[in-house]
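Throughout, read-outs are computed from the coordinates displayed, never taken from laboratory work. This one's a predicted model, so the numbers in the text were calculated from it and none came from an experiment. Neighbour counts are summed over all protein chains in view; Cβ atoms, including those assigned to glycine, are modelled from backbone coordinates with ideal geometry.
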Amino acid sequence: MQDLVQPSAPGRASEGLAVAAEDQIVAPTEGPGAQPKAAKPKSSGGKSKPSGGGRPNSDNAAIAARLVAELPAGTFKARQAMDIIKRYWPTHGAAQGPGHCGKFLAGELWPFLKACGVRQVRQNSPRSYEIVKPT
């Protein structure tokens, strides 16, 4: 980057412009046309915000276990799962509506449901899942 110096020419000094060493106008440094200093972009520090109302992933295993325990054997959709999540975790993001719950089930909760023996019957929206309980 070039070093900026204040102009020595009398006509430019009143304009308040910074100029490069080659006497090229770069940007106004003061006055109504001045550009504010660029703020540093905020970074998350490498941390990603968990979805689902900010719940940690440890709740996901509990939610999956609760769904498998309370839902009857057979197929279910996000609406039935949302009712159970809303009952036990009312502030959870998945309790806000069936669309939120469907995304939560398909994205974050699916590995936990799969580990519990749940399978996806329909993989496109609207997804449906099946619980097979031993008899």
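Given their separation in residues at 0.36 nm each and the Cα-Cα distance between them, N124 and R87 gain 10.7 nm when the chain is fully extended. Counting Lys and Arg as +1 and Asp and Glu as -1 over every other residue whose Cβ lies under 13 Å from the Cβ of R119, the net charge comes to +3. Close amide H contacts of V118 (hydrogens built in the peptide plane, cut-off under 5 Å, sequence separation of 5 or more or a different chain): none are found.
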